[in-house]
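Accompanying notes for the structure given below.
The values are calculated or read from the model by the stated rules, or taken from the named source; none is laboratory data. Owing to the predicted nature of the structure, the values given are computational and were not obtained by experimental measurement. For neighbour counting, all protein chains shown are included, and Cβ atoms are generated from backbone atoms with ideal geometry for every residue, glycine included.
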Amino acid sequence: MSSRDPVRVSIDGPDMVAHVILDKPETLNTMTKSFWPQLQRTFQELDRSAHVRAVILSASLESKVFSAGLDLSDAAELIGNPKPRMGIGRKALQLRQQVQSMQQALEAIAKCRVPVIAAIHGACIGGGVDLVSTCDIRLVSKDAYFSIKEVDLAIAADLGTLSRLPKLVGNDSLVRELAFTGRSLAAEQALQLGFVSRVCSDPQSLMEEARALAKNIASKSPIAVIGTKAVLNYSRDHSISDGLEFVSIWNMAMLQSDDVIEAVSKLRRKETPQFSKL
């Protein structure tokens, strides 16, 4: 078994694009106890970095799948009772704390101020669906498929899929069918539902398109991109009037940024704007 970390990060300095790679192909990128804190630290650091304007999240091309979800041995340990005399109430509180810790690790992706692009090939199962549901954009290769597999483990998915997926696609009936049965959702159907925005021919072309998209986003004003993500996230969870009020308050400051002057002046001269680091 490899001792390498479950998550690997590289940053393309000139393009300001970070690549977060699930890198345990020998275990099908299952999510072990060490995965969660490392994932959280990784995205918190990327969120604070002045050198990152977009992030790609993928499995290594060496892996046959994106992720097989929660490691079953760790799941058994989580649900099992390490202290036989622990009462049900105390065990319930312990379980809640552990689940919330994993939820917070995934929230670090959702709260990352720059856009996160998930590039998914092969199987994306259980916790893998929770993971990619936190991302801003999802691209897939045609061999990708998704499964909300928790129902086959006799549990309700608790790391975000049931909360996020109904807001990401327009077919509540199908979301419930997938969650109740655990059946697979193929790449093309995921595209039709709006869960993913692009289907690529193979994993190599998937990564090429993800890099091109991330590079394009990173070339824009970071002030504009960060603001756009903040407003989209806020508006998704609030009324239209609340969203309009939020963006008016946001832009009363951000419309005064140097990036606006740089963008307008360069576009008038048909030149490419150059934006400073955050």
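Scan region 175-205 for residues that are touching a residue at least 24 places away in the same chain (Cβ under 8 Å), surrounded by 14 or more Cβ atoms within 10 Å (Cβ to Cβ) and within 13 Å of L165 (Cβ to Cβ) and the total you get is 7.
Rundown of residues vs (1) under 28 Å from F275 (Cα atoms); (2) surrounded by fewer than 23 Cβ atoms within 10 Å (Cβ to Cβ); (3) modelled with pLDDT under 95, yes/no style:
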residue	(1), (2), (3)
E26	no, yes, yes
T32	no, yes, yes
D47	yes, yes, no
H51	yes, yes, yes
K64	no, yes, yes
D71	no, yes, yes
R90	no, yes, yes
Q97	no, yes, yes
Q103	no, yes, yes
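If the condition is being within 20 Å of F180 (Cα to Cα) and assigned to a strand (DSSP E or B), then region 99-133 contributes A123, C124, I125.
No other residue among A18, A75 is modelled with pLDDT under 85 and surrounded by 14 or more Cβ atoms within 10 Å (Cβ to Cβ) apart from A75.
Taken together, the criteria place L193 among residues that are at pLDDT below 95, touching a Leu at 6+ places or on another chain (Cβ under 9 Å) and within 30 Å of G69 (Cα to Cα). When L278, L244 are checked against the criterion of being outside any helix (DSSP H, G or I), of a type in the set (A, V, I, L, M) and over 17 Å from the mean Cα position of the chain (by Cα), a single residue qualifies: L278.
Residue check: A214 meets all listed conditions (1) farther than 25 Å from T272 by Cβ; (2) under 17 Å from the mean Cα position of the chain (by Cα); (3) in the same structural domain as Y145 (by TED's automatic domain parsing) but one, namely (1).
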